[in-house]
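Okay, so here's the structure we're looking at.
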Amino acid sequence: MKRLITLLSGLLATTAALCAPVTLHFSADGFQNAGVQFSGLAGPVSGSISWNASGNPHDPIGALTAIDLIIAGHSYTLGEVGIANQGSTQTAIGGLFNGANAVVGNGAANDFLLVFDRVNPAISAFAFSVLGKQGAIWWSPTSTSASFEAQTVPEPATLALALAAIGGAALAARRRRAPMPCAAPQPCLA
């Protein structure tokens, strides 16, 4: 019984620390090219980023958990992307080649910078550079869209009720398996 109580209390403590996954879906089109002109890279660019929100989904992001972003044929991975900075409502993420908060149009790497609002989903700034395209940065898209997809995590009270029901069922099953005391004054066979 003590083990069951310990297990249930441990599970309840664990559920309190659960985080709700949040995903931002975004798209941008009509990028302006600052510098040398290269055709076919004005957009559209669309993608998504995900993170775990502890408590309020609008709180600053601790770490990204997933990214789905392809720009000019380059598919970004989590290892190439970092969080540049976070304001009261905005977060900037970017490629790590020149630092997460800078895009350099020297053609040395695929790179990007995306600034978005965590409270009211919107793209504040989006710029990128492309490997092999010297002297160009694409920025200031003429149209953007963004939306959140929040996945709910059960409330701790709901989980506690479910765990209590499971514990009660386990306790009832254990009592049914317990040996019955003998009614007669003869030795019991268990």
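Some notes on this structure:
- Considering only residues in segment 95-126 that are open to solvent by 10 Å² or more (accessible area, probe 1.4 Å) and in contact (Cβ under 8 Å) with a residue 60 or more places away in the chain, the one that is farthest from the chain's Cα centre (by Cα) turns out to be G105.
- Residue satisfying all of: in segment 73-89; in a loop (DSSP other than H, G, I, E, B) and in contact (Cβ under 8 Å) with a residue 24 or more places away in the chain; surrounded by the most Cβ atoms within 10 Å (Cβ to Cβ) among these: Y76
- The sole residue among I61, I70, I49 that is assigned to a loop (DSSP other than H, G, I, E, B), in contact (Cβ under 8 Å) with a residue 12 or more places away in the chain and out of contact with any helix residue (DSSP H, G or I) (no Cβ under 6 Å at 6 or more places or on another chain) is I61.
- Residue-level analysis places A92 outside the set of residues that are in a strand (DSSP E or B), touching a strand residue (DSSP E or B) at 6+ places or on another chain (Cβ under 6 Å) and exposed (fewer than 13 other Cβ atoms within 10 Å of the Cβ).
The values are calculated or read from the model by the stated rules, or taken from the named source; none is laboratory data. Keep in mind it's a predicted model, so treat the numbers as computed, not measured. Positions of Cβ are generated from backbone atoms using ideal geometry, with glycine treated the same way; all protein chains shown enter the neighbour counts. When the accessible area is computed, the model is the full protein with side chains, heavy atoms only, and any ligands, DNA or RNA have been set aside. Shrake-Rupley method; radii C 1.70, N 1.55, O 1.52, S 1.80 Å.
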